[in-house]
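Novice: The following block contains the structure, expressed as structure tokens.
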Amino acid sequence: MTRAPRTAPRIAIVLFNLGGPDRLEAVRPFLVNLFTDPAILRVPFLVRPLLARIIARARTKPATENYARLGGASPLLALTEQQARALEAALPEVSARCFVAMRYWHPFSLQAARAVKDWDPDHVVLLPLYPHFSTTTTGSSLDAWREAAVRVGLIKPVSTLCCYYEDQSFVAATAAIVRRHVEQARAALEPGLRLRVLFSAHGLPEVIVRAGDPYQFQVERTVAAVVRQMALPGLDHVVCYQSRATPQRWIGPSTDAEVARAAADKVAVVVVPIAFVSEHSETLVELDIEYQELAHRLGVPGYFRVPTQNADAGFIAALADLVRGAISHGPGLCSFAGGGTCPAPHRDCPHVRAGAAFAAPVAPRLAVAA
């Protein structure tokens, strides 16, 4: 393994993630932070704080019950820290340090920005642990980071990775995990029993997608790429969406509706949390408990769930290559392919907003220096 020379550049990698309550008493303030975000609750500014508290109050009890099932706290921070340490080790040619910036609970972007400034890196790479760009996730995290960096006076060259939904290494690592578990599921089922793969992503209100958010487009491109990489002829699969949180119309089909369809079709299911790269309440409770109970109640002949990537070696290697590509690209905005990859109608794509031309087909990742 190549070791970083003494003069190796100091690279600060900021990992963005959602965050989660670290104790049951934190559930309500976590929810208040979530629904106060203008990227999440898109209502007039004067109304938002009051409405956020009303929604948080209504959701505190069920959310607290869910986190109690997980031992009283979200596992997301610990898992993100594991990913951070693994990513540092996967970049031996530079002096890399990862900093975690959560959006709705500690450590927030302000804390991370102060730590980055104190470390005094030569270059900063902003790396979302959201493979797909959405204004509600990466976009919101980047807004929070910019504000924090200004507040602490952090002035360094910054490379911002917006997405990596069709990155070859990310797709290959994900496909390897999914294929392994699909094959295990088939081996556990009676011969001749059909199997369907449900690629389940977090949903969004349709109005956000219609406004130009590229999230659904990118999720569906990821699934298509993963299925091609898996190379399982005739694979029965569908993209579906979970975690509907408001009365609005959300993108579909919903995961629970697909579980019900599988019951009607008498097929077993393998559920893949395709837009999540760390375990948290929506995988450990919603998928592992709620949808599994639904499947059992409806008579689905088999229910299996693929784990998220967490610190999987292939996934970490993909992140390391993405960091190298971002450094090679230089300061500014970049995607896994270098420039913009979303069609112009997805006007909330940061490249489209910046006027970047749509690149089709997606270009291979930039070559990076060893």
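Novice: Among the residues that make up segment 128-138, is at least one of them over 26 Å from Val207 (Cβ atoms), out of contact with any Pro (no Cβ under 9 Å at 6 or more places or on another chain) and either in a loop (DSSP other than H, G, I, E, B) or modelled with pLDDT of 95 or more (or both)?
Specialist: No - not one qualifying residue is present in segment 128-138.
Novice: In this structure, is Ser141 within 16 Å of Val14 (Cα to Cα), out of contact with any His (no Cβ under 6 Å at 6 or more places or on another chain), crowded, with 20+ Cβ neighbours inside 10 Å and of a type in the set (Ser, Thr, Tyr)?
Specialist: Yes.
Novice: Mind telling me which of the residues Thr255, Thr222, Thr246 ends up being in the same structural domain as Pro301 (by TED's automatic domain parsing) and at pLDDT below 95?
Specialist: Thr246
Novice: Could we say that Val124 is over 17 Å from the mean Cα position of the chain (by Cα) and in a helix (DSSP H, G or I) here?
Specialist: So Val124 fails the test.
Novice: From the list Thr7, Thr60, Thr80, which one is under 28 Å from Gln248 (Cα atoms) and polar (S, T, N, Q)?
Specialist: Result of the check over Thr7, Thr60, Thr80: Thr60.
Novice: Here is a further query. If I filter segment 147-171 down to residues being part of a loop (DSSP other than H, G, I, E, B) and either crowded, with 23+ Cβ neighbours inside 10 Å or among the small types (Gly, Ala, Ser) (or both), which single residue comes out as farthest from the chain's Cα centre (by Cα)?
Specialist: Applying the filter and picking the extreme gives Gly153.
Novice: Considering Arg42, Arg85, Arg53, which residue is charged (D, E, K, R), surrounded by fewer than 17 Cβ atoms within 10 Å (Cβ to Cβ), more than 23 Å from the chain's Cα centre (by Cα) and assigned by TED's automatic domain parsing to the domain that holds Gly20?
Specialist: Criteria check complete, one pass: Arg53.
Novice: Looking at segment 102-137 only, could you name the residues that are of a type in the set (A, V, I, L, M) and within 18 Å of Thr36 (Cα to Cα)?
Specialist: Answer for segment 102-137, where residues must be of a type in the set (A, V, I, L, M) and within 18 Å of Thr36 (Cα to Cα): Met102, Leu110.
Each row is one residue, and each column tells you yes or no for (1) crowded, with 20+ Cβ neighbours inside 10 Å; (2) modelled with pLDDT under 95; (3) β-branched (Val, Ile, Thr).
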site	(1), (2), (3)
Ala262	yes, no, no
Val267	no, no, yes
Val277	yes, no, yes
Thr283	yes, no, yes
Asp288	no, no, no
Arg305	yes, no, no
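Novice: Shifting gears a bit: Hey, can you tell me all the residues within segment 171-187 that are out of contact with any Gly (no Cβ under 9 Å at 6 or more places or on another chain) and either touching a residue at least 60 places away in the same chain (Cβ under 8 Å) or acidic (Asp, Glu) (or both)?
Specialist: Val178, His181, Val182, Glu183, Gln184
Novice: Just a yes or no: is a residue in segment 162-184 more than 20 Å from Gly330 (Cα to Cα) and touching a Pro at 6+ places or on another chain (Cβ under 6 Å)?
Specialist: Looking through segment 162-184, at least one residue is more than 20 Å from Gly330 (Cα to Cα) and touching a Pro at 6+ places or on another chain (Cβ under 6 Å).
Novice: How many residues does segment 290-319 hold that are out of contact with any strand residue (DSSP E or B) (no Cβ under 9 Å at 6 or more places or on another chain) and either assigned to a loop (DSSP other than H, G, I, E, B) or farther than 25 Å from Leu193 by Cα (or both)?
Specialist: So the answer is 11.
Novice: For segment 228-245, give me each residue that is at positive phi and surrounded by 15 or more Cβ atoms within 10 Å (Cβ to Cβ).
Specialist: Ser243
The values are calculated or read from the model by the stated rules, or taken from the named source; none is laboratory data. Since this is a predicted model, take the numbers as computed values, not measurements. Methodologically, a virtual Cβ is constructed for each residue, glycine included, from the backbone with ideal geometry; neighbour enumeration extends over all protein chains shown.
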